[in-house]
Amino acid sequence: MADSDKNILITPNRGQTAVPSIVFTGQNNTPLTLSVGNAGDLVYSAPTAGTFFTLGNTISTDIFSITDSGSTPVFKVTTTEIVANLPISGAAGSTLMTDISNLCDGDRTVFDIKSEQTIITTTYIIDSKDLEVTVNGQRLTPYTLPQPSAWMPAFDCYSSKMFRVRENRLIIYNAPDVGSQVSVVIRKTAASKQQQRYPFRPATIALGD
């Protein structure tokens, strides 16, 4: 990695089947390629990330799309919609997940969390409170992890109006009946898991308060 690695290589590929491209190389010697597809779309790609940004040229294709390191679309804009396959961080961000209402049978309590029929990556949800779950118009309460201590072990308590997220699966403790309308929305991504504290301290118990 040196200043001598810096370069811009333009390859027209006239008369060739390969598409025209421009390769940008900075000091870190990691090339970034801008190519022009046969349909006139502009594609940015890199050896370590693959294709990560595409700018369409016609109304019949995506106006632009962003993909992750595995070339899976995470955000795209078409002429009719904006599709986000990952949560939008921030207080104003929200992402509607795939409808699970048709999966309710009165017995099932565990559901895959999907966006556009694709199970979301586990890193997208940190805590249960990142989700807003509504069943038949009633908003459920997110599970809060109890905080253990030397005197009191952790316990798992819940109510029938509560839900919990484990990795990329949603647990609704009271199984929705057939015909229930369930809405799952990711509001934001938390920095850490919230823990429920006891209303008293171990020291006060030892002293008999």
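The values are calculated or read from the model by the stated rules, or taken from the named source; none is laboratory data. Remember, predicted model here, so these are calculated numbers, not experimental data. Because the Cβ atoms are built from the backbone with ideal geometry, glycine has one as well, and the counts that use them run over all protein chains shown.
Scan the stretch 42-56 residue by residue and report those that are in a loop (DSSP other than H, G, I, E, B) and either touching a Pro at 6+ places or on another chain (Cβ under 9 Å) or under 12 Å from S21 (Cα atoms) (or both).
Narrowing the stretch 42-56 to residues in a loop (DSSP other than H, G, I, E, B): 47-49, 56.
Within the stretch 42-56, P47 is the sole residue that qualifies.
Would you pick out the residues in the stretch 133-161 that are in a strand (DSSP E or B) and modelled with pLDDT under 70?
Quick first cut of the stretch 133-161, residues in a strand (DSSP E or B) only: 133-135, 138-139, 141-142, 145-146.
Residue satisfying the conditions is P146 alone.
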